[in-house]
Amino acid sequence: METLYPAKIIEALRTVRYPGNGKNIVELGMVEDDIRIDGNRVSFSLIFDRPTDPFIRSLVKSAETAILTHVSPQVDIKGNIAVKTRQAAPAAPVNPLPGVKNIIGVSSGKGGVGKSTVASNLAVALAREGYKVGLLDADIFGPSVPKMFGVENEGLYMHNVDGRDLIIPLERYGVKVLSIGFLVDKNSPVLWRGAMASTALKQLINDADWGDLDYFLIDMPPGTSDIHLTLVQTLAITGVVIVSTPQEVALADARKGIAMFTGDKVNVPILGIVENMAWFTPERHPDERYYIFGKEGAVNVAKELGIRLLGQIPIVGAICEGGDNGTPIALQDSITGQAFMHVAREVIDAVDERNGTLPPTRKVDVTKK
């Protein structure tokens, strides 16, 4: 007997046609690329679309006959053809927010860099630009958005929409807001395992009446966790805003966060980076700058990684006071308020670029200062 090669087996199998359509099993992709030859013994797999295909037995028999006829009657093939079922492509996930145009995650590699402050003020700034905005506080273990919007003592209500009882998000400063902080004791820690936290988040997304929104912002937990995976698997996120201070320790974690979102398992675009606490400016001396956490660290990371620098936010006492009093500083026309308005406009441009709707006259350098 002549030496056996996979090509000879394939050519023999081209003579086997699937009943009804006249095409052979090779061109139909039914022969898996696993042909194994050991002396005169040949084995491989046939793939069927469903396990109940009525032609499984007859096609296996026809494949055996074709090899014995067109290759050699000495081939050991009987009983060596495995049958597999083709894995169906996963069904497209149901969009839980059909009225939302753009979903933006706000994330940080570590805590304490002002992520929630940026998320809250960005939401307010987008609303000031005339857009319909929603903000979900997904920081399960440290929800701070209710306090920043001055609604931490507010109760939640539900109403019926098309036969479903849905949570009504609170609305403040033109922003629809929901947080796990509305559902737990604000003075007690949230002692939940990851699965419980993920379930709670899904309920705040799926069982709330968000309505029509231009931008839906998600204040994500710091770091990298299974909650991030839950969010990207539940929602078609347009892109992520990364928040960091100029400090090298924070930037190292920011790089990890960027790597997580751009990796194969998550694959979410980075809209850009916000450098928070970029410098300290005394309120009585607005022209003075003190770089207490380092200088332009996030600016350099943006250039290094080729991502957009969305803006630099200085440290001023009014940011802390506004957050504690429930009046985000983006409501003011101060230097810091204008800084957040600038970030909002950069995010709008980044989203339009991502969606392919940015007019040529508005195209800018992604690493511009």
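Residue-level check: of (1) exposed (fewer than 14 other Cβ atoms within 10 Å of the Cβ); (2) touching an Asp or Glu at 6+ places or on another chain (Cβ under 7 Å); (3) not aliphatic (A, V, I, L, M), G79 misses just (2).
Scanning segment 113-130 for residues that are crowded, with 24+ Cβ neighbours inside 10 Å and under 22 Å from the mean Cα position of the chain (by Cα) yields V113, K115, S116, T117, V118, A119, S120, N121, L122, A123, L126. Of all the listed residues (T15, T85), the sole one being touching a helix residue (DSSP H, G or I) at 6+ places or on another chain (Cβ under 8 Å) and in contact (Cβ under 8 Å) with a residue 24 or more places away in the chain is T15.
Being surrounded by 15 or more Cβ atoms within 10 Å (Cβ to Cβ), closer than 30 Å to A344 by Cα and either in contact with a strand residue (DSSP E or B) (Cβ under 9 Å, 6 or more places away or on another chain) or at pLDDT below 75 (or both), is that true of even one residue in segment 183-195? No, that holds for no residue. Report yes if E304 is assigned to a helix (DSSP H, G or I), modelled with pLDDT of 80 or more and surrounded by fewer than 16 Cβ atoms within 10 Å (Cβ to Cβ), otherwise no. Answer is yes for this residue. Please verify whether G109 is closer than 30 Å to G272 by Cα, modelled with pLDDT of 90 or more and either surrounded by 16 or more Cβ atoms within 10 Å (Cβ to Cβ) or touching a strand residue (DSSP E or B) at 6+ places or on another chain (Cβ under 9 Å) (or both), treating the condition exactly as stated. No: the conditions fail for G109.
The values are calculated or read from the model by the stated rules, or taken from the named source; none is laboratory data. Computed from a predicted model, the values in this text were never measured in an experiment. Virtual Cβ from ideal backbone geometry, glycine too; neighbours counted across all protein chains shown.
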